[in-house]
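Here's the structure we're looking at; comments come further down.
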Amino acid sequence: QVQLVESGGGLVQAGGSLRLSCAASGRTFSSNTMGWFRQAPGKEREFVAAVKWNGGTLSYSDSVNGRFTISRDTAKNTVYLQMNNLKPEDTAVYYCATTEKLAVGGLIRRAGWYDYWGQGTQVTVSS
């Protein structure tokens, strides 16, 4: 079992920055991939970014590529999402997720691929 806790969300003006953290506990050694997803009211959960614990694969959605950066600190069992140049359309609840399964192709971009999820942290970007 892996437990995930997100933090770092808040209210920010458009163009501002936030850094989200996802602290993992439990059987973290069994986790293969960490991902960030977001869900706005009335919208489906969408992929944001993902990274393998070994650092071999990084992936970003087109909507955040160039603005967001995912990173991980294996010593702290923590994954970060640095969000720069935030836009109102980035407003959503951001969720951290992980899976023990080995990634195959683009599966790390699919929410259904992940087995464990945090409770989410709200990010609100005002215009």
Report yes if some residue within segment 64-71 is open to solvent by 60 Å² or more (accessible area, probe 1.4 Å), free of Cβ contacts under 8 Å to residues at least 24 places away in the same chain, out of contact with any Asp or Glu (no Cβ under 6 Å at 6 or more places or on another chain) and part of a loop (DSSP other than H, G, I, E, B); otherwise report no.
-> yes
Are any residues in segment 1-35 within 23 Å of Tyr60 (Cβ to Cβ) and basic (Lys, Arg), and if so, which ones?
-> Arg19
Would you mention how many residues in segment 1-58 are β-branched (Val, Ile, Thr) and either farther than 14 Å from Arg109 by Cα or open to solvent by 50 Å² or more (accessible area, probe 1.4 Å) (or both)?
-> 4
If we scan segment 82-95, do we find a residue that is in contact (Cβ under 8 Å) with a residue 24 or more places away in the chain, open to solvent by less than 20 Å² (accessible area, probe 1.4 Å) and charged (D, E, K, R)?
-> yes
Only one of these is hydrophobic (A, V, I, L, M, F, W, C), assigned to a loop (DSSP other than H, G, I, E, B) and over 27 Å from Ser127 (Cα atoms): Leu102, Leu86. Name it.
-> Leu102
Name every residue in segment 4-41 that is modelled with pLDDT under 95 and over 12 Å from the mean Cα position of the chain (by Cα), in order of residue number.
-> Ala24, Ser25, Gly26, Arg27, Thr28, Phe29, Ser30, Ser31, Asn32, Pro41
The residue from Ser17, Ser31, Ser25 that alone is in contact with an Asp or Glu (Cβ under 7 Å, 6 or more places away or on another chain) and in contact (Cβ under 8 Å) with a residue 12 or more places away in the chain is Ser31
Within segment 106-122, can one find any residue that is in a strand (DSSP E or B), closer than 19 Å to Thr33 by Cβ, open to solvent by 40 Å² or more (accessible area, probe 1.4 Å) and in contact with an Asp or Glu (Cβ under 9 Å, 6 or more places away or on another chain)?
-> yes
Do we find that Val51 is within 10 Å of the chain's Cα centre (by Cα) and free of Cβ contacts under 8 Å to residues at least 40 places away in the same chain in this structure?
-> yes
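The values are calculated or read from the model by the stated rules, or taken from the named source; none is laboratory data. Everything quoted here is computed from the prediction, not taken from an experiment. Don't worry about glycine lacking a Cβ; one is built from the backbone with ideal geometry, like all the others, and counts go over all protein chains shown. Side chains included, ligands, DNA and RNA excluded: accessible areas come from the protein's heavy atoms. Shrake-Rupley method; radii C 1.70, N 1.55, O 1.52, S 1.80 Å.
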